[in-house]
Structures are given as structure tokens and as C-alpha cells.
Amino acid sequence: MASRSRSYTQLLGLLSFNLLLFTTSTKAVRVGVILHKPSAPTLPVFREAPAFRNGDQCGNLEADHIHIAMTLDTNYLRGTMAAVLSLLQHSSCPENLSFHFLSLAHFENDLFTSIKSTFPYLNFKIYQFDPNLVRSKISKSIREALDQPLNYARIYLAGIIPTSVDRIIYLDSDLVVVDDIEKLWHVEMEGKVVAAPEYCHANFTYYFTKAFWSDPELVKVLEGKRPCYFNTGVMVVDVGKWRRGMYTQKVEEWMAVQKQRRIYHLGSLPPFLLIFAGDIKAVDHRWNQHGLGGDNFEGKCRTLHPGPISLLHWSGKGKPWLRLDSRKPCSVDHLWAPYDLYRSSRHSLEE
């Protein structure tokens, strides 16, 4: 009887010891999870693009370079890679394209490696964009993607790129170019700060709220101006004039009014309209076949507008890579697919 009691006691002791070990181990694991910092998102892997070389007619001076600015967003990187490939593929002097990428600092090294491995011969530089420049100035929009700090980076472009750059083409990441970008680069600005495809007879009531239209002082800003809309995802910018005219500060002033009084709906576009509407250099509509992503709410399929096309732009909620991956593509998404360098994609270029 005594031996049985001792065995039972020993068994209880052993169970208690194991339970203590398990509890201590579990706590240690939990502490470890709390102490470890979350890892950065894994970037998609891309195929290496072909090498595109200049023809004999291309110059090799700094004056021959075409400067292109884009943002680098981890969520839109697949679109950026496709856009870059399309620019190189259709350029008569691809080695003269100089890319200026704006990104958030904590992803800079990973993004540099990704671009360099995909385009080993690309002439590019990545600039850190400080989101604190604009974070407190952003007002909530109708779509979350429009409220991201990088969506406002174009406003600060002139103060970030080298002062030696006097002209630049700003492009969104959800587009492909199917013509030689040199044609857009050489547009005669005629003294204007911005050149872009322009759409007049626009209905500005769509962009501005009742608070705007009910204020006589605010409405005066648009008096005498032609009701012309332009998409800020494709712009040629005279950077020198932008700097001298202090247009970054002018946009910020309108953002401050928006923060206080809610005078418009759509992200970073309305401040540009308040400043530049009816006063830009209009270029051919072929350079921005926009709206292919549908509206900002549902992103339903849209067809191409009639006429020649040099640039296809999936502005709106629907992005071609997402719709292709979901196997629910729109017909226009198949025009984007040949430029997709995503390694796991069935729609990418053949190796």
C-alpha cells in the first residue's frame, strides 16, 4: 500500500513537472512572438527583361535623355514593371530613358534589388519619399487607394529630383505605353507648366462638393476658366516653372482648405484642377486612353474609346493583373498581359 502511494505521488510530481515545462515553454514562445518585429511583405518575383539598345541615330549626351518619374508601391510593383517594359520596348532610344522612382524608405533596398534584377541595364535612381510631408494633409477620399501618401508624391516631385532636370514625364503605375515616348517628351509646352490630354466641357459638379459651390469666394477660382479636366496620371511637367511658381505650396494650400471644409471628393486630382484647369498645354488624347479600370467603386469593364492609341491607362478601381489572376479579366486586360513580367503569371512573356 505504501509503495502504491509513493508511485502515485511520484506520478503526480512528474505530471506537475511536465506541466511546468509546457507552461514555461508556451510562455517563452508567446514572448518570442511579441518581441519579433513583423517582416516586410515579400515582393513578387519577376523575369529578367530583354536588353533594349539604342539605334545608330540616338545621341548619347545628357540633353538626349528623357526623364520619366513613377512611384514604387509594393502593391503596384507588378504594374510598374509592365509599364517600364512597355516604355523600353517601344522606344527608339531605350538607353536614353532615365527613370526617377519615388518610394517609401523602408522598402527602398528591396525595391532596388527587384528592379535591378529585372532590368539590369536600366538607367534609374530611387528617391526616398517621406510620407510625413503629406500624411497630415490628406483628407479621406471615396477610395482607400487614393488616400495613400505615395498617391500625392507627384506634388513634391520637383523638390526631390535633381535641379538639373528641367522637364519630366510623370506616369502612373497602372498603364502601358504602346508608342515611342519621345513623341510625348518633345511636346511644345508653349509657356505652360503642365502638358496632358485635356477633356473640355467637363462637369465640375462631379469633383466638388456643395460646400464649394455654395461659397462665392471659392467659386470665383473657376470663373473665366474653361471647364477642362485632365488626368494627373500622365503629365509632362516643366519642373523649372513648377519650382519658380511654387506650385507645391499652392496645392498644399488647397489641401488645407479641403481638410477644414471638405470641398472636393477625389484624392489628389481636384487641387490640380483648381490651379491648372483650362490652363495646360493640351496634347493628343491618344496619350491617355484612361478609365480602363472602371469607376472608383466597382471597377466594371470598359471598352476602348475610338481613335488611335499611344498609352493605355487602367485608372479606376480595377487593375489588369488582379482581374487576370482572378480569371475574370475584362477584354482590355489582355492588352496589358504581354507586358507582364511576373514570374508565376500564365500571361507573362515567354522566356
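Scanning the range 248-264 for residues that are over 16 Å from Ser136 (Cβ atoms), open to solvent by less than 40 Å² (accessible area, probe 1.4 Å) and not β-branched (Val, Ile, Thr) gives a single hit, Tyr264.
The set of residues in the range 198-214 being in contact with a Leu (Cβ under 9 Å, 6 or more places away or on another chain) and open to solvent by 30 Å² or more (accessible area, probe 1.4 Å) consists of Tyr206, Ala211. Tell me, please, whether a residue that is closer than 30 Å to Pro308 by Cα, in contact (Cβ under 8 Å) with a residue 12 or more places away in the chain, surrounded by 14 or more Cβ atoms within 10 Å (Cβ to Cβ) and not charged (D, E, K, R) can be found in the range 215-228. Checking the range 215-228: at least one residue is closer than 30 Å to Pro308 by Cα, in contact (Cβ under 8 Å) with a residue 12 or more places away in the chain, surrounded by 14 or more Cβ atoms within 10 Å (Cβ to Cβ) and not charged (D, E, K, R).
Of the residues making up the range 209-242, those that are closer than 25 Å to Ala196 by Cα and of a type in the set (Gly, Ala, Ser) are Gly224, Gly233, Gly240. Looking across His305, His285, one residue alone is open to solvent by 60 Å² or more (accessible area, probe 1.4 Å), farther than 27 Å from Arg167 by Cβ and touching a residue at least 12 places away in the same chain (Cβ under 8 Å). It is His305. Restricting the range 275-299 to residues that are closer than 12 Å to Val221 by Cβ and in contact with a strand residue (DSSP E or B) (Cβ under 8 Å, 6 or more places away or on another chain) leaves a set whose member that is modelled with the lowest pLDDT is Ala277. The residues of the range 174-197 that are of a type in the set (Gly, Ala, Ser) and surrounded by fewer than 23 Cβ atoms within 10 Å (Cβ to Cβ) amount to a single one, Gly191. Every condition in (1) farther than 16 Å from Arg78 by Cα; (2) surrounded by fewer than 16 Cβ atoms within 10 Å (Cβ to Cβ); (3) at pLDDT below 95 holds for Arg243 except the one numbered (3). Take the conditions (1) surrounded by fewer than 21 Cβ atoms within 10 Å (Cβ to Cβ); (2) assigned to a helix (DSSP H, G or I); (3) of a type in the set (D, E, K, R); (4) modelled with pLDDT of 90 or more; Glu48 misses just one of them, which is (2). Note on the range 215-253: residues that are part of a helix (DSSP H, G or I) and within 25 Å of Lys317 (Cα to Cα) amount to 1.
Here Ser92, Ser86 are screened, and the one residue that is buried (at least 21 other Cβ atoms within 10 Å of the Cβ) and at pLDDT 95 or above is Ser86. Would a scan of the range 235-246 turn up a residue that is among the aromatic types (Phe, Trp, Tyr) and farther than 25 Å from Pro162 by Cα? No, the range 235-246 contains no residue that is among the aromatic types (Phe, Trp, Tyr) and farther than 25 Å from Pro162 by Cα.
When the range 165-210 is filtered for residues that are of a type in the set (Gly, Ala, Ser) and modelled with pLDDT of 95 or more, the ones remaining, listed by number, are Ser173, Gly191, Ala195, Ala196. Of the residues Ser114, Ser103, the single one that is of a type in the set (Ser, Thr, Tyr) and open to solvent by 10 Å² or more (accessible area, probe 1.4 Å) is Ser114.
The values are calculated or read from the model by the stated rules, or taken from the named source; none is laboratory data. Nothing here was measured: the structure is a model prediction, and the numbers come from that model. We place every Cβ from the backbone using ideal geometry, glycine too, and count neighbours over all the protein chains shown. Just so you know, the surface numbers come from the protein's heavy atoms only, side chains and all, with ligands and any DNA or RNA stripped out. Shrake-Rupley method; radii C 1.70, N 1.55, O 1.52, S 1.80 Å.
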